[in-house]
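Comments concern the structure below.
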Amino acid sequence: MDKLIHTALNSMHSARLKQTTSAQNLSNAQVPGFRGDEIGGRFGSVYLYADDQLETRVFSKKSEPGLFSSEQGEMRLTGQQTDVSIEGDGYFMVENQFGELGMSRRGDFTISNDGTLVNRAGEIVLDTSLVAMTVPPFREIFIAENGQVFIEPIGGEPGVRQLVNQIAATSSDGLNLKKDVDGTIRPEGGIDRTQFNPDQNVRLKQGYLETSNVSVFDELINNVDIQKQYQLNVKLISLAKDLDEAGASLLKLPSG
């Protein structure tokens, strides 16, 4: 009975991890460029005893945290000059408040009071030298497919564009990407500023935002399945208790 109970408890623990991930995905379903976490991560198998014996009972073990879906979200036209999306593979290079580098698909950019280009999460958008992007005051701003940023300066001739910088973008080719605990995507081993080379093949699209790639409908279905799995294991524990009590009653000596 103990083995049945331990197996059921392990399955309940896995269901709880999956439900936590699903709730995280649902809470970020409206965040631009959000990459949904894989439900429960990737699970491996752990033998209860040595695997060279006849014992075949195994437990599941979450072995690869940080996995996420790389499927592209829907492209939505916003018309905002500072909204930028990436078509196909690629990521913006960003820096958080602690100076840590990361990769992001979030393109809801805005200009801070000091002229720094940031996204709505407060992360600094970097240029091809991995330095904070700064944009002078402008009447109009234009972002080319290759990430070059042009402006019509305030006080300048109408229609005359001035190149100010280029947004750093990189592809995921050859990188084993994981989502870190802060929600930022990074390759294993981190990002080396001295080794970074921007990918000129990444295509940007001004005036569009990529939505989250989370499917609310699929997540709700997953939640129902996870809840059923949890309830089934609760019943298994109750059944194990009943079987244990029945077995104990058979071993009792008859009275009288």
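The values are calculated or read from the model by the stated rules, or taken from the named source; none is laboratory data. Keep in mind that this is a model prediction, so the values were computed, not measured. With ideal geometry, Cβ positions are generated from the backbone for all residues, glycine too; neighbour counts draw on all protein chains shown. Surface accessibility is based on the protein's heavy atoms, side chains included, excluding ligands, DNA and RNA. Shrake-Rupley method; radii C 1.70, N 1.55, O 1.52, S 1.80 Å.
Note on residue 70 and residue 161: the extension gain reaches 29.2 nm, defined as 0.36 nm multiplied by sequence separation minus the Cα-Cα distance. For the stretch 75-116, a simple Cβ point-charge model (Lys and Arg +1, Asp and Glu -1, everything else neutral) yields a dipole of about 140 debye relative to the Cα centre.
Just flag the trypsin sites (Lys or Arg not before Pro) in the stretch 98-159 sitting in loop per DSSP whose Cβ has no more than 12 other Cβ atoms within 10 Å.
Sites meeting the loop and neighbour criteria: 120.
Measuring r between the beta carbons of residue 77 and residue 241 and using R0 = 51 Å, the FRET efficiency lands at 0.30.
Our summary gives the stretch 93-226 a relative contact order of 21 percent, counting only alpha carbon pairs under 8 angstrom and 6 or more residues apart.
Give me the percent relative contact order of the stretch 151-226, please, defined on Cα pairs under 8 angstrom at least 6 residues apart.
21
Take the Cβ atoms of residue 172 and residue 223, set R0 to 35 Å, and the FRET efficiency comes out at 0.75.
Using the Cα atoms as the points, what is the convex hull volume per residue of the stretch 137-256 in Å³?
Working: hull volume 27.0 nm³, N = 120.
Convex hull volume per residue, Cα atoms: 225 Å³.
Taking the mean number of other Cβ atoms within 10 Å as a proxy for protection, how do you rank 25-34, 223-232 from highest to lowest? Walk me through the intermediate numbers first.
Details: 25-34: 18.1, 223-232: 13.9.
Packing order, densest peptide first, comes out as 25-34, 223-232.
Take residue 38: with every protein chain present and a 1.4 Å probe, its accessible area is about 70 Å².
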